[in-house]
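Read-outs throughout are calculated quantities, based only on the coordinates presented, and are distinct from any laboratory measurement. Keep in mind the model is a prediction, meaning the values are calculated, not measured. Every residue, glycine as well, gets a Cβ built from its backbone with ideal geometry; the counts of neighbours run over all protein chains shown.
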Amino acid sequence: MADYEKAEKLLKALADKSRLQILECIQAGTSNPGETARKLNRHRSTIEKHLRVLLAANIVEKVPSLTKSGQLSVRYEVRANARDLLAKILEVCQDF
């Protein structure tokens, strides 16, 4: 039964256009919530809310990094298995 709950959480996280756009931004190299917000013309708090959902579903992970000025920051990366799943979903959706 736990597998169904995990699948439901994953599918609910992916069933939102904004979260799919955020994932696209992350895969394209925009991995900072502020940059993503500017690129998608949304509020940073909205992006962070969606990122929390994606984190809870284990679709993305936080990666500590340093800015050019040497300050600690957090980037987001799409997990490898989620990247494969997204590619397969987009491929299958083209057939519908």
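Summary table
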{"read-out": "Filter result (among the β-branched types (Val, Ile, Thr) and either under 20 Å from residue 23 (Cβ atoms) or touching an Asp or Glu at 6+ places or on another chain (Cβ under 6 Å) (or both)) within region 63-77", "value": "63, 74"}
{"read-out": "Unmet criterion (only one of (1) exposed (fewer than 10 other Cβ atoms within 10 Å of the Cβ); (2) assigned to a helix (DSSP H, G or I)) for residue 83", "value": "(1)"}
{"read-out": "Residue satisfying condition, being closer than 19 Å to residue 85 by Cβ, within 13 Å of the chain's Cα centre (by Cα) and without any contact (Cβ under 8 Å) to a residue 60 or more places away in the chain, within set 58, 32", "value": "58"}
{"read-out": "Condition met for residue 45 (assigned to a helix (DSSP H, G or I), over 28 Å from residue 93 (Cβ atoms), out of contact with any Gly (no Cβ under 7 Å at 6 or more places or on another chain) and of a type in the set (S, T, N, Q))", "value": "yes"}
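Residue-wise test of (1) touching a strand residue (DSSP E or B) at 6+ places or on another chain (Cβ under 8 Å); (2) of a type in the set (A, V, I, L, M, F, W, C).
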{"residue": "8", "(1), (2)": "no, no"}
{"residue": "14", "(1), (2)": "no, yes"}
{"residue": "28", "(1), (2)": "no, yes"}
{"residue": "33", "(1), (2)": "yes, no"}
{"residue": "39", "(1), (2)": "no, no"}
{"residue": "45", "(1), (2)": "no, no"}
{"residue": "54", "(1), (2)": "yes, yes"}
{"residue": "77", "(1), (2)": "yes, no"}
